Amino acid sequence: MALILISSERFAEHQTPPGHPECPERAAVMDVIAREWQRQGGEVVAPPPATHEQLARVHDAGYLERIAGTAGRASVLDPDTYTSSESYEIAKLAAGAAVDAVERVMGGRQQQALALVRPPGHHAERAQAMGFCIYNNIAVAAAHARTVGAARVAIVDYDVHHGNGTQHMFESSPDVLYISTHQFPYYPGTGAVAEIGRGPGEGFTINVPLAVGAVDADYQLVFSDVIAPALRQFKPHLLLVSAGFDAHERDPLGGMRLTAGGFAAMTMELRRVAEECCEGRMAMVTEGGYDFLALAESLRAVVSVFALDRAAAPDWPASGSVPPSRGRMAVAAAKGALGSYWKLP
Ligand SMILES: [Zn+2]
């Protein structure tokens, strides 16, 4: 099969305080998904740690030193972000898994790769840990992709939170298109529709903030009217996905109502675009997702998309009587902010 999973039991070794939502049990859920994939004949490999050089492409040297200094001890990096004795090693493994996903897909060994990692990464800034994130895994992956032949890289981030760190790292670059749809207003506060990038990167940051309570049909509109058309015009050489599952209806942090079927449908939309633009090359890296059952169901749904023939594409789930009013508002706002940069239907 064309998809490879990158997974390690070691991701459970990054400990957070009791009751913290980003807990080691999340790694056990990811492990179950990896074993299921293996039983279906799919390939699963363990990641190498990221190198200093790979991390230093997006993180400040002083920050890398500070994180290295937490090795072997517990520390508080930000009100939500903690290290335990193994966190330095495990965070390097998470970023390394993202790099490995890029290597495999860009090297043509696999068409798609999914890195099942924790801690997540998209809130981590150049010189600051934030929101459970230590290294910005997806940004490390994007920067690496640029060095191995991907002149244009697109990142789609459907985590319920805005990926402030990823946006900031690439907001001045026309070579990395960052597209996020997220609950807004909400943590971390960034991700307004008017944030469209800076200087030469103007237009290459696309934020589609959605009001709390959005359902599958709202996301369907956002994908069909903004995300897919922009990706097709940008024509990335590699599609990266910040795959967070905290917009699931069961998630204790997010206020959205996506179902596992919605995650499958979003993934199929992205797979189609990748097949049209870049021979199917897609590297996905997990972000949030704090309900164990929802995380398992959603990951299973994403993985299943790659076990299917494209002709057997999953439909978007019917959202019952809920009209996609949040999606319509979000799409209209995005067209207003970005209509001069992208042809949006
Ligand atoms: Zn999140």
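Read-outs: derived from the displayed coordinates by stated rules, not from any lab. Values in this document were obtained by computation on a predicted structure and should not be read as measured data. Reconstructed Cβ throughout: ideal geometry from the backbone, glycine too, with neighbour counts over all protein chains shown.
Ranked by the mean number of other Cβ atoms within 10 Å per residue, highest first, peptides 84-97, 252-265 order as 84-97, 252-265. Of all DSSP beta bridges confined to the chain, the antiparallel ones make up roughly 15%. Taking only alpha carbon atoms, the stretch 48-202 gives an Rg to Rh ratio of 0.95, where Rh is the Kirkwood radius. Computed extension length for residue 321-residue 151: 56.8 nm, one decimal, from 0.36 nm per residue of separation with the Cα-Cα distance subtracted. Sequence-ordered 3J(HN,Hα) estimates for the stretch 10-18 from the Karplus curve with 6.51, -1.76 and 1.60 and θ = phi - 60° stand at 5, 4, 6, 7, 7, 9, 10, x, x Hz, glycine and proline given as x.
Please work out the Kirkwood hydrodynamic radius for the stretch 285-344, using every pair of different C-alpha atoms, and report it in angstroms with one decimal place. After inverting the mean inverse Cα-Cα distance, the result is 15.0 Å. The equivalent ellipsoid that matches the C-alpha gyration tensor of the stretch 210-278 spans semi-axes of 24, 12, 10 angstrom, in descending order. Counting only lysines at least 8 places from residue 335 when in the same chain, those with an alpha carbon closer than 27 Å to its own are 235, 343.
Each residue of the stretch 55-71 is assigned a 3J(HN,Hα), and the resulting list reads 5, 6, 5, 10, 10, 5, 4, x, 5, 4, 5, 5, 5, 4, x, 8, 4 Hz, derived from the Karplus form 6.51 cos²θ - 1.76 cosθ + 1.60 (θ = phi - 60°), x at Gly and Pro. The value for the stretch 221-345 of Rg(Cα) / (2.2 N^0.38 Å) is 1.08.
Across all Cα pairs in the chain, the calculated P(r) in 20 Å bins from zero up to the longest distance comes to 35, 61, 4 percent per bin. Across the stretch 244-291 the C-alpha pair distances fall into 5 Å bins from zero in the proportions 5, 22, 22, 21, 14, 11, 5, 1 percent. On the beta carbon distance between residue 309 and residue 39, with R0 = 22 Å, the FRET formula returns roughly 0.65.
For the stretch 156-255, taking Cα atoms only, Rg and Dmax work out to 12.9, 40 Å respectively. The string of couplings for the stretch 233-248 from the Karplus curve (6.51, -1.76, 1.60, θ = phi - 60°) is 6, 6, 6, x, 8, 8, 10, 9, 10, 7, 8, x, 10, 8, 8, 5 Hz, one whole number per residue in order, with x for Gly and Pro.
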